[in-house]
Amino acid sequence: MTLDFRTRPLSPAEARVLATLMEKARTVPDSYPLSLNSLQSGCNQKSSREPVMNLGEAEITDAIDGLRDLSLVIESSGNRVPRYEHNFQRAVGVPEQSAVLLGLLMLRGPQTAGELRTNADRWYRFLDIASVDAFLDELQERAEEKGGPLVVKLPRAPGAREQRWAHLLCGPLDLSSPAASSAPAGDTALAERVATLENTVATLQAQLADLREQLGMSQPGQP
């Protein structure tokens, strides 16, 4: 079955859960597949996320159920604590490089090809910006029988030198909306340093949560 995100778009929560699994599979492979606690911590990071979300356990569980119905997420069996992994590349039928770009767009929102190449560094090292553009063009020209385009090039924002790309996994975008083409704000270098620290903290929190689960200990603040 070919997934068609035009007829069955992902919800924002499903996109965040899926993209977080895709990220952690590459950046913290020793902690992957993820437990529910680890997944929640990754979804709710305050850096490298656009928008920042605060998903509760029930929302993440519902998202997992929806993604599992689409064969996008698999639950690992044989563990005391259930763990989850993504099945994106096989389910959607795209090459590794395209999957990386779609995962980043789901996590961080619209980005230029240059930003995607920089942000992909811990996931996959693209040779140059031209190679990023080539995979984005391929995703934008995806055949109708395969489910149609998965990305769109946004109108150039006022004062911006480059156009940004956005994913279409949550359905079509209103390209007339100012929010669709507004330029990102903030110091990129500072954001990247903060992102590294946030990832480190999130990893440590996830490992601590897993250890508590394995030892049968309650979380802080719980009886």
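Worth a mention:
- Figure legend. Inter-residue proximity from the stretch 84-108: first residues free of Cβ contacts under 8 Å to residues at least 60 places away in the same chain, second residues among the acidic types (Asp, Glu), beta-carbon distance below 7 Å, spacing 6+ or different chains. Indicated pairs: Gln89/Glu96; Ser98/Glu138.
- If you go through the stretch 54-80 and keep only what is open to solvent by 40 Å² or more (accessible area, probe 1.4 Å), part of a loop (DSSP other than H, G, I, E, B) and within 28 Å of Gln111 (Cβ to Cβ), you end up with Asn54, Ser71.
- For the stretch 138-149, a tally of residues being charged (D, E, K, R), surrounded by 13 or more Cβ atoms within 10 Å (Cβ to Cβ) and not in a loop (DSSP other than H, G, I, E, B) returns 2.
- Hits in the stretch 46-77 - residues which are modelled with pLDDT of 95 or more and polar (S, T, N, Q): Asn54, Thr61, Ser71
- Residue list for the stretch 106-131, restricted to those being more than 17 Å from the chain's Cα centre (by Cα) and under 19 Å from Glu50 (Cβ atoms): Gly114
- Matching option when the condition is aliphatic (A, V, I, L, M) and assigned to a helix (DSSP H, G or I), among Val132, Val94: Val132
- Any chance Val152 is aliphatic (A, V, I, L, M), open to solvent by 20 Å² or more (accessible area, probe 1.4 Å) and within 20 Å of the chain's Cα centre (by Cα): yes
- Single match in Arg108, Arg26 (criterion: basic (Lys, Arg) and surrounded by 18 or more Cβ atoms within 10 Å (Cβ to Cβ)): Arg108
The values are calculated or read from the model by the stated rules, or taken from the named source; none is laboratory data. This one's a predicted model, so the numbers in the text were calculated from it and none came from an experiment. Using ideal geometry, Cβ is built from the backbone for each residue, glycine included, and neighbour counts are taken over all protein chains shown. Only protein heavy atoms, including side chains, enter the accessible area calculation; ligands, DNA and RNA are left aside. Shrake-Rupley method; radii C 1.70, N 1.55, O 1.52, S 1.80 Å.
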